[in-house]
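These notes concern the structure reproduced below.
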Amino acid sequence: FGILTSKVMIVSAHQGVEKYEVNAPNMTNEELQEYYIRNGIFPANAPKDSGVILKENNVSDHLSSRISGYMNWIKTSSTFSVADVYGENPIDTDEYDALTQKAKTNAGITYDYIGCGPLALVTQFDFLARSAGYCSIMRNAEDSKEQLLLQTQIFKNTNTIPADSLRDNLGLSLKGTLTFPNEAISSSREILIDKHLGFKTTEEKVDSEGNVSKSTHYDHKSQIYVYGDTIPSVASFSTKINNLKDSIEKGMPVIWWTFSGAGEFSFHYMNIFAYEYWSGTEGISYVNSKALLEYTNNLGEWVTVLDLLKDIPAPGLSYLEDSPTEISFKFPLSTTKIRIYLETTAATGNKNKGRIVLGDMNIYFYDHQYHSHNYRYEQYNSYTHKAYCECGDFIYDTHVKSDFTTLATIQKYTCKYCGYVMGTGALL
């Protein structure tokens, strides 16, 4: 999804759509605001460096950095957006557009930022009018006068607080303009009622002592009904994602609000209108692991002859059970032990990370002919070279450092047999 967070969301849904479970306890606005302040819920900031967008060409790198142990990320064919229902996706609202700034002035907003909450609502209502056919919101979504009226109404109806005002009282250094989640939800409902797309009923109750209380209910039979979490959802992350997908598949974008813990998207409102599935391969790579083929030399030391993660030609070690990578290797005659040495980070007992599956292993002994493998040498990889007998037989042997040679101001040492450059240094 690009945004990996387990926070909560506001979902708008058409009439007849299955009701979503939300966490919206019966609390007064004062009680909710006290809850938000006590729990540090301040959706106000735009994402840091919001001009940088996660584009498809770097999603793979992003996922690799967020989910360790997986690689080779690819986008699958399982994608969906509201454009699949209505032919187009929402249009992003630019806070610094001249029309939006005029609507801000008309609404009487005197502080610097409009806030991501009201701007997300503009994007949502514009989509309903422009793409979904709700002409009571705007008859002509291209008409600048109608756009101005809608934006002005949203900015007037959505209560916001300059985040800077919380600095003195609470010691917070938030940026932007704060919109509490309950304000975004109630503003949406009131605007839908004004556009004849929603209805509410008010009930009066008299207690035993004669005190009268009023309660307002938004009719679930409204043409459009707003479902929203006023406090963090207790639903599982998979339930939230399934609700998000369900709404998108029915053509309705989702406004998702976050608090802390959402990375660059913390304390923010976002319009989500599409989803993609990306799949990765769980496994090891030279970035997080070592996989070495080694043998013991005549001194009893383990010698690396092949780096299984670096030296295997592309595409590298196979991940397919039916098509394993085949490796053939000749060890020196003095070899008595061989091993595959694997080292990886954060391996667990319930994942494949850190595991190499061995298929058939055939070991052959050649003792019928004596070979002298010093006829010629050929560099094989950064660890070894091939040492050939005059008859053509060869073995893999490790590089042997020569003395430094000097070329201009650069010193280098090479393998004394095959000439492979094993290291360089600058003359002082």
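The values are calculated or read from the model by the stated rules, or taken from the named source; none is laboratory data. The model shown is predicted, which means the values in this text are computed figures rather than measured ones. Positions of Cβ are backbone-derived with ideal geometry, glycine not excepted, and every protein chain shown enters the neighbour counts.
Scanning the range 7-41 for residues that are assigned to a loop (DSSP other than H, G, I, E, B), farther than 18 Å from Ser186 by Cβ and at pLDDT 70 or above yields Glu21, Asn39, Gly40. Screening the range 379-428 for residues that are out of contact with any Lys or Arg (no Cβ under 9 Å at 6 or more places or on another chain), not in a loop (DSSP other than H, G, I, E, B) and not hydrophobic (A, V, I, L, M, F, W, C) and picking the one that is modelled with the highest pLDDT gives His385. Could we say that Ser236 is of a type in the set (Gly, Ala, Ser) and touching a Leu at 6+ places or on another chain (Cβ under 9 Å) here? When the stated conditions are applied, Ser236 does not pass them. The condition (being assigned to a strand (DSSP E or B) and basic (Lys, Arg)) is satisfied by just one residue among Lys290, Lys240: Lys290.
Yes/no matrix, rows are residues, columns are (1) in a loop (DSSP other than H, G, I, E, B); (2) at pLDDT below 85; (3) surrounded by 15 or more Cβ atoms within 10 Å (Cβ to Cβ):
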position	(1), (2), (3)
Thr304	no, no, yes
Ile312	yes, yes, yes
Leu320	yes, yes, no
Pro332	yes, yes, yes
Ile340	no, no, no
Glu343	no, yes, no
Ala346	yes, yes, no
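For the range 73-112, which residues satisfy the criterion of being more than 24 Å from Pro253 (Cα to Cα) and assigned to a loop (DSSP other than H, G, I, E, B)? Once the filter is applied, which keeps residues that are more than 24 Å from Pro253 (Cα to Cα) and assigned to a loop (DSSP other than H, G, I, E, B), the range 73-112 yields Ala107, Gly108, Ile109, Thr110, Tyr111, Asp112. Taking residues in the range 80-106 that are under 16 Å from Ser247 (Cα atoms), and partners anywhere that are surrounded by fewer than 15 Cβ atoms within 10 Å (Cβ to Cβ) and of a type outside the set (A, V, I, L, M), the pairs with Cβ atoms closer than 6 Å and at least 6 places apart or on different chains are Phe80/Glu249. Of all residues in the range 338-350, those that are within 18 Å of Leu309 (Cα to Cα) have Cβ atoms under 9 Å from Cβ atoms of residues that are acidic (Asp, Glu) and at pLDDT 85 or above, 6 or more apart or on another chain, in Ile338/Glu294; Arg339/Glu294; Ile340/Glu294; Tyr341/Glu294. Cβ-Cβ distances below 9 Å connect the following pairs, each with a first residue in the range 245-259 that is more than 17 Å from Pro181 (Cβ to Cβ), a second residue that is acidic (Asp, Glu) and in a helix (DSSP H, G or I), and a separation of six or more residues or different chains: Ile248/Asp84; Glu249/Asp84; Gly251/Asp84. Within the range 190-209, the set of residues being assigned to a loop (DSSP other than H, G, I, E, B) and either buried (at least 16 other Cβ atoms within 10 Å of the Cβ) or touching a residue at least 12 places away in the same chain (Cβ under 8 Å) (or both) comprises Lys195, His196, Leu197, Gly198, Phe199.
The set of residues from the range 239-289 being modelled with pLDDT under 85 and of a type in the set (Lys, Arg) comprises just one member, Lys240.
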